[in-house]
Each structure stands twice: as structure tokens, then as C-alpha cells.
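Colleague: One structure, pasted below without further comment.
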Amino acid sequence: MQARILHGAILVTLAALAPVSVGASIAACSSSSAALPPVTADGGDATTAAASWPSTPCGACVVSGCGPQRQVCDSEPSCAAHSGCADKCTAMPDGTIDAACLAACPGGDNAVASKSRAAYDACITTTGLPACSACPASVGAAPSADDVLAQKCGTSTDPNTCFKCEDERCCNTYAACDAEPECKVQLEGCLKACGADGTAACRSACYAAHPKGVATWAPRTTCLDTRCITECGGPATPDPCFDCGVLSSCRDTHARCASNEGCFLLLACLDTDCPNVTDTCIKSCKAKVDPSAAPLFDAWFSCTAVACDKICN
């Protein structure tokens, strides 16, 4: 096997995304959210628009099932403003909430609200849908993480522990990158030039310079981060927050996000541009990547907010 870059840690600093406590107080719906006017996909007034999504069979079921996330969101004023606005969005032909309308609703103005908002939005747009028979069966189905986390490989005799691990656990994602020159030669070479302690800005410049390579680099580096972190230079005992957000509790949602080209670039944008992760900065980064990345990110972000709350504080 050819020489490979020794990959260390995940590109996004989990400390920056570390969940803050969002479950300390549960309150009823904020009166401020009730005062918001209805909105349309472009954020305008829709007083005369069609019935709201929560009044449809699919929407009513999903909103009920996402009650715990809604309660946490409504306990923080700026998140409550978001959920109240979402209540006035209309349904799409497939039964789901109008995504453009939801995106136009006000976001959380602090870290607590941002994580609460992400958890609620992920539930009503993705994770809460499969349980409702009134919603299309195909809606809300998350992409499988098995292509990254369950690769079938042979044994390796490579003396380098990192290369051996990649051969035995990440063979398919390595082969895909190896077969794409812009991944294996140009992008990897650029990242090597950044150095082991290279800045997020340097890495992001490499992704921008070699966009064709990112599609196969993202799943490759995700597998290494998840399955070979110690063998490839990481600590024998990973940081508890990293362990929760990437290796254990939120392993699948992280793998789905980080192995997706758009979501990978979204994470890189947050790493570069968002020292304080708020909805304003998240929305700015989402606007720079394919829209399909947003629900994948929100699913992981909301998982860390719930599962890794106390660990990452």
C-alpha cells in the first residue's frame, strides 16, 4: 500500500460544539411565540395561506411525538420564537413541513437555544417522521452509516499500525480515495503541507482548491477518526466529549454527517468560522453547502446536545 497521511483527530473541535445544558427547566409555550405572524417559505406574512403543517395528520403526529424536544425548546425564549414560527409553516405535497419556511424562522441567539432548536428541528424534519403512519414511509429515513462503520476487509501485515488499521477496518473508503487522484494525490498532499497541527483555515483552503477530492476524502477520514483514532496517533483514552460525540453515543449520526461531502464541508466551515457556535453562524455555514447537509448535521448536533450534555460541559 502506498504511503498515507497519518490522520489524527476529527476536523471539528468538539469543545466548540460542546453541548450546554438544555434540560434544566421545562416550560409551557412562550407567549412571545404566539405573537409571531404566520410565515411563508420566503419568511413573509401568510395569514391567508393554507392550513399550518401541525394541523395536518402527519404534522400533528410528528409534533406530538417530538413533545420532549419541543418542551426544551420552548423553555428558552429565542428557541420558543423559532418553534412558534414553525407552527405557522405549511405542509409540502409529501406531508412534510415546508423546509424553506422553517429555515426562514428566527434561530436561537445563544448556544443553549441553538442546540435546543437543532434538536427540535431534527425531530420534526427527520427522526420523528418514521413513527407516524400518516407520513410517507420514505420520509425521514437516514442514510446508513454502515458504508463507513461496517466495512468488510481482510487482514494486513503492514508494520505501520495506522496503515494496518486502515487496511483492516477502512479498506473500502481508502480504495475509493486512492482511485481518485484529486483525493489521494492533490488533496492529501495539500493537507500534508498544512502539517499535523495545521490550522482549520489551511485545511479549508485545501478542500476549496480540490473539491473533486472531498467526496471520497470525507468518508475515508471519517472512518479513520471513528475506527482508527488511537492507531493513527490519537490518545489511547480519547477525550470523554470526543468519545461521546464521535465514538460512542452519537457515533452513527456523526458518521452519516462527516462522511457526506456537504456535511463534511459544513463541519469544516464551523471549525474555521464559528468559534462560538450559534444559529447565526450555523446558518451562514449551511448556506455555503448543499442543502441536503443540514438535516444530517442537525441530527448529529441534536444528539450531542442530548447524549453528551453533562460530559462536554
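The values are calculated or read from the model by the stated rules, or taken from the named source; none is laboratory data. The shown structure was predicted, so the numbers you read here are calculated from the model rather than taken from an experiment. Cβ sites come from the backbone with ideal geometry, for glycine too, and all protein chains shown count toward neighbours.
Conditions tested, residue by residue: (1) within 24 Å of the chain's Cα centre (by Cα); (2) assigned to a helix (DSSP H, G or I).
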| position | (1), (2) |
| --- | --- |
| ASP121 | yes, yes |
| ALA131 | yes, no |
| GLY154 | no, no |
| PHE163 | no, yes |
| ALA175 | no, yes |
| VAL185 | no, yes |
| GLU188 | yes, yes |
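Colleague: Also, I was wondering about something else. With (1) touching a strand residue (DSSP E or B) at 6+ places or on another chain (Cβ under 9 Å); (2) not in a loop (DSSP other than H, G, I, E, B) as the list, and SER116 as the residue in question, which single condition is left unmet?
Modeller: (1) is the only condition that SER116 fails.
Colleague: If you go through the range 154-170 one residue at a time, do you hit one that is at pLDDT 95 or above and under 24 Å from ALA293 (Cβ atoms)?
Modeller: Yes, the range 154-170 contains a residue that is at pLDDT 95 or above and under 24 Å from ALA293 (Cβ atoms).
Colleague: Hey, can you tell me all the residues within the range 185-199 that are buried (at least 18 other Cβ atoms within 10 Å of the Cβ) and touching a residue at least 24 places away in the same chain (Cβ under 8 Å)? Explain how you work it out, then say what you get.
Modeller: Our first condition is that a residue be buried (at least 18 other Cβ atoms within 10 Å of the Cβ); within the range 185-199, this holds for 187-188, 190-191.
Of everything in the range 185-199, those that are buried (at least 18 other Cβ atoms within 10 Å of the Cβ) and touching a residue at least 24 places away in the same chain (Cβ under 8 Å) turn out to be LEU187, GLU188, LEU191.
Colleague: Which number in (1) without any contact (Cβ under 8 Å) to a residue 60 or more places away in the chain; (2) outside any helix (DSSP H, G or I); (3) within 28 Å of ASN276 (Cβ to Cβ); (4) not polar (S, T, N, Q) marks the one condition that PRO93 misses?
Modeller: The number of the failed condition is (3).
Colleague: So, of the residues in the range 91-112 that are among the acidic types (Asp, Glu) and under 17 Å from ALA60 (Cα atoms), which turns out to be surrounded by the most Cβ atoms within 10 Å (Cβ to Cβ)?
Modeller: ASP98
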